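Peer 1: What follows is a structure written as structure tokens; I'll ask about it next.
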Amino acid sequence: MKKITNDVLKEEIYYEKLENGLDVYFMPKTGFTKKYAVLATNYGSNELEFIPIGESEKIRVNEGIAHFLEHKMFEQPDGGNAFDKFSKWGASANAFTNFTMTAYLFSVTENFYDSLAHLIDYVQTPYFTDENVEKEKGIIEQEIKMYDDDPNWNVYFNCLKALYVNHPVKVDIAGSVESINKITKEELYKCYNTFYNPGNMTLFVVGDLDCDKVMDIAKKANHYDVDKLSNEIQKFYPNEPDNVNEKEIVAKFPISMPTFNIAFKDNKVGIKGNELLRKEIVTEILIDMIFKRGSRLFEDLYMKGLINDSFGGGFSSQIDYGFTIIGGDSKDPREVKKIILEHIEKYKIEGLNNQEFERIRKKKIGNLLKYFDSVDFIANNFITYNFKGINLLDYLEVLKDIKFEEVQERLNSHLKEEYCVISIVEPIEK
């Protein structure tokens, strides 16, 4: 067992790779009443082309299958539901699928070890039949239709469709009604056996718990009949050019005021580990300096009546893609985009403010230290960073080392008009 420490944060993590390849991490939090566990697979909606384990030919699966698989994992062979036992033990359980990861999690104050064994057990117990797969299609179809009627969901995915020419991040995580209706139990098992292999998964536990007992349960509860992965899963992604797909996409919904997303495509991709973390932190600081409340740009747009409190921005980043996105409601989204680009050019000419950079960096340091009092924050961020080759305990050290010049350079290289798109949802004209 390996011990990872951070003397500044005064945190430690115990790590062991089990014989079957599962990575298990435990962070003790003495005195905390809440315990939290998340078991995740490095598999999300973007994984549409791959070579299944035990096969030699590449296949392409139906869009939305990772999300579909997450739904089906709660159904048990005895006819019960995995949530039933969690409820009996007072545990709050959930699961989610995003573009790159599927995670199963729970939090509890008592009965943690029983809940942990159950979490590991049910995620290893797929039960797909022709009947229950067909039944699930109706449920997910309703979910897809619900999101199809959501203007905020549409403005976001239309923005991704504008940014990306080929990358699967432009595809809705749940897929389409057409794609999910093509899913079969055989296809589900093929995806499960490939991506839910323990060598592609991580378990993270945090709380006031006994480390040896956590590790012991993780070992005993694992009953995979697959060998430890000797090679990484072979995934395939289409070539993505630097240019954006479309500069503008407009949709119409029964809303009272237009809503928009403006995004900048990031072409500095293919990096991971602390290099990727550094890029993320630099970009987050840059976004705070330009777009957050109190900035010169925010005040200009607000005083002109072009934005309201819904205005905000963020950076989304993975190993193979990334984008800065700014959104909100506005009577004139195109004018908002025009003014944003004008301010960016001014910042490039005049330079950013070093004092503002230091203020934001120190605020981020303070927030990070505060967040380590939340087991939810620790677990979900650790698991997300882990699949990018990043250790969450390294965040503070990297943040403290960020230089003002890096933020200025990121402004010049990333926030370019040629990589900028806008997605608008407008009211239906009466």
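Peer 1: Heavy-atom accessible area per residue, segment 178-331, 1.4 Å probe: how many Å²?
Peer 2: Ligands and nucleic acids excluded, the result is 45 Å² per residue.
Peer 1: Provide the net charge surrounding residue 180, with neighbours chosen by a C-beta distance below 14 Å and charges set as Lys +1, Arg +1, Asp -1, Glu -1.
Peer 2: Neighbourhood net charge equals -4.
Peer 1: Per residue of segment 305-316, what does 6.51 cos²θ - 1.76 cosθ + 1.60 with θ = phi - 60° give for ³J(HN,Hα)? Whole Hz please, x for Gly and Pro, Karplus curve as stated.
Peer 2: Coupling constants for segment 305-316: x, 8, 9, 10, 5, 6, 5, x, x, x, 10, 10 Hz.
Peer 1: Karplus couplings for segment 371-383 from phi (6.51 cos²θ - 1.76 cosθ + 1.60, θ = phi - 60°), rounded to Hz, Gly and Pro as x?
Peer 2: Values per residue, Gly and Pro as x: 5, 6, 8, 10, 5, 4, 4, 4, 5, 5, 6, 4, 5 Hz.
Peer 1: For segment 172-192, list residues with backbone N below 18 Å from a point placed 7 Å from the Cα of residue 148 toward its Cβ?
Peer 2: The answer is 172-183, whose backbone nitrogens lie closer than 18 Å to the label point.
Peer 1: Could you work out how much longer the chain between residue 83 and residue 359 gets when fully extended? Use 0.36 nm per residue separation minus the Cα distance between them, nm to one decimal.
Peer 2: So the chain would gain 94.9 nm between residue 83 and residue 359.
Peer 1: Follow-up question, since we're still on this one. Rounded to the nearest whole Å², what accessible area per residue is found for segment 1-76 with the 1.4 Å probe?
Peer 2: 42
Peer 1: Right, another one. Note the listed values [x] 59, 45, 40; [y] 111, 81, 41; [z] 61, 54, 42, then indicate which one is Cα extents along the principal axes in Å calculated from this particular structure.
Peer 2: Here the calculated entry is [z].
Peer 1: May I pose another question? For the residue pair residue 210 and residue 189, what label-to-label distance in nm results when each label sits 7 Å from Cα along the Cα-to-beta-carbon direction?
Peer 2: Here the modelled spin labels are 4.0 nm apart.
Peer 1: Right, something else. Using Cα atoms only, what is the angle between the long axis of helix 112-123 and the major principal axis of the chain, expressed in degrees (0 to 90) to the nearest 10?
Peer 2: 90
Peer 1: Would you kindly derive the ³J(HN,Hα) couplings of segment 73-88 from the backbone phi angles with the Karplus curve 6.51 cos²θ - 1.76 cosθ + 1.60 (θ = phi - 60°), listing them in order in whole Hz, with x for Gly and Pro?
Peer 2: Ordered by residue, 3J(HN,Hα) equals 5, 7, 7, 9, x, 7, x, x, 10, 4, 5, 4, 5, 4, 4, 4 Hz.
Peer 1: Using only alpha carbon pairs under 8 Å that are at least six residues apart, calculate the relative contact order of segment 225-378 and give it in whole percent.
Peer 2: For segment 225-378, the relative contact order is 25 percent.
Peer 1: Ok, one more. Measure nothing fancy, just the Cα-based angle from helix 151-163's long axis to the longest principal axis of the chain, in degrees from 0 to 90, nearest 10.
Peer 2: Helix 151-163 sits at roughly 80 degrees to that axis.
Peer 1: Tell me which of 253, 243, 267 sits at the most positive position along the dipole axis of segment 237-293, charges placed on C-beta atoms (Lys, Arg +1; Asp, Glu -1).
Peer 2: Positive-most Cα among the choices belongs to 253.
Peer 1: What longest region of the chain stays clear of GluC sites (Glu not before Pro) that DSSP places outside H, G, I, E and B and that have at most 16 other Cβ atoms within 10 Å?
Peer 2: With a cap of 16 other Cβ atoms within 10 Å, the longest stretch comes to 247-428.
Peer 1: Once label points are set 7 Å from the Cα along Cα→Cβ at both residue 296 and residue 257, what is their separation, rounded to one decimal in nm?
Peer 2: Taking the simple label geometry, residue 296 and residue 257 are separated by 2.6 nm.
Peer 1: To continue, here is another question. If the only charges are +1 at each Lys and Arg Cβ and -1 at each Asp and Glu Cβ, what is the size of the charge dipole of segment 350-430 around the Cα centre, to the nearest 20 debye?
Peer 2: Computed about the Cα centre, the dipole is about 320 debye.
Peer 1: If you wrap segment 272-430's Cα atoms in a convex hull and average its projection over all directions, what's the area in nm²?
Peer 2: Across all orientations, segment 272-430 yields a mean hull projection of 11.0 nm².
Peer 1: Which percent of the accessible heavy-atom area of the chain goes to carbon and sulfur, probe 1.4 angstrom?
Peer 2: Summing carbon and sulfur atoms, their accessible area is 47 percent of the total for the chain.
Peer 1: At 222 nm, what value in deg cm²/dmol follows for the chain if DSSP H runs of at least 4 each add -39500 (n - 2.57) and the sum is divided by all its residues, to the nearest 500?
Peer 2: Value at 222 nm, helices only, nearest 500: -13000 deg cm²/dmol.
Peer 1: Among 39, 26, 82, which residue has its Cα furthest toward the positive end of the charge dipole of segment 1-85, with +1 on Lys/Arg Cβ and -1 on Asp/Glu Cβ?
Peer 2: 26
Peer 1: In addition: What nm value, rounded to one decimal, do you get for the distance between residue 412 and residue 96 when each label is placed 7 Å out toward the C-beta?
Peer 2: 3.7
Peer 1: With only Lys, Arg, Asp and Glu charged, each at its Cβ (+1 for the first two, -1 for the last two), find how big the charge dipole of segment 1-133 is about the Cα centre; round to the nearest 20 debye.
Peer 2: Approximately 620 debye in magnitude.
Peer 1: Let me ask something additional. Please compute, for the alpha-carbon atoms of segment 275-318, the extent along each of the three principal axes and give them in descending order in Å.
Peer 2: Cα extents, longest axis first: 39, 16, 10 Å.
Peer 1: Follow-up question, since we're still on this one. About the Cα centre of the chain, what is the dipole size in debye to 20, counting +1 per Lys and Arg Cβ and -1 per Asp and Glu Cβ, all else neutral?
Peer 2: Using only the charged Cβ atoms, the result is roughly 1060 debye.
Peer 1: Under 10 °C and 1.306 mPa s, how fast does segment 190-325 diffuse according to Stokes-Einstein, given a Kirkwood radius computed over C-alpha pairs? Answer in µm²/s, whole number.
Peer 2: Here the translational diffusion coefficient equals 79 µm²/s.
Peer 1: Let me ask something additional. Before anything else, pin down the relative contact order of the chain: Cα pairs under 8 Å, at least 6 apart, normalised by residue count, whole percent.
Peer 2: It comes to 22 percent, rounded to a whole number.
Peer 1: In a shell of Cβ-Cβ distance under 14 Å around residue 366, excluding residue 366 itself, what net charge do Lys and Arg (+1) and Asp and Glu (-1) give?
Peer 2: +4
Peer 1: Let me ask something additional. When a/c is below 1.5 the answer is rounded, else prolate if a/b is larger than b/c, else oblate, so apply that to segment 128-171 with a ≥ b ≥ c taken from the square roots of the Cα gyration tensor eigenvalues.
Peer 2: Note, shape of segment 128-171 comes out oblate.
Peer 1: Projecting each Cα onto the charge dipole of segment 112-167 (Lys/Arg +1, Asp/Glu -1 at the beta carbon, about the Cα centre), which of 160, 127, 144 comes out farthest on the positive side?
Peer 2: Selected residue: 160.
Peer 1: Which angle from 0 to 90°, rounded to the nearest 10, does the C-alpha axis of helix 273-291 make with the longest principal axis of the chain?
Peer 2: It is inclined by approximately 40 degrees.
Peer 1: Can you tell me the FRET efficiency between residue 10 and residue 429 if r is taken as the Cβ-Cβ distance and R0 is 51 Å, rounded to the nearest 0.05?
Peer 2: The pair residue 10/residue 429 has a calculated efficiency of 0.30.
The values are calculated or read from the model by the stated rules, or taken from the named source; none is laboratory data. Please read these numbers as outputs of a predicted model, since none were measured by experiment. All Cβ positions, glycine included, derive from the backbone under ideal geometry; neighbour counts span all protein chains shown. When the accessible area is computed, the model is the full protein with side chains, heavy atoms only, and any ligands, DNA or RNA have been set aside. Shrake-Rupley method; radii C 1.70, N 1.55, O 1.52, S 1.80 Å.
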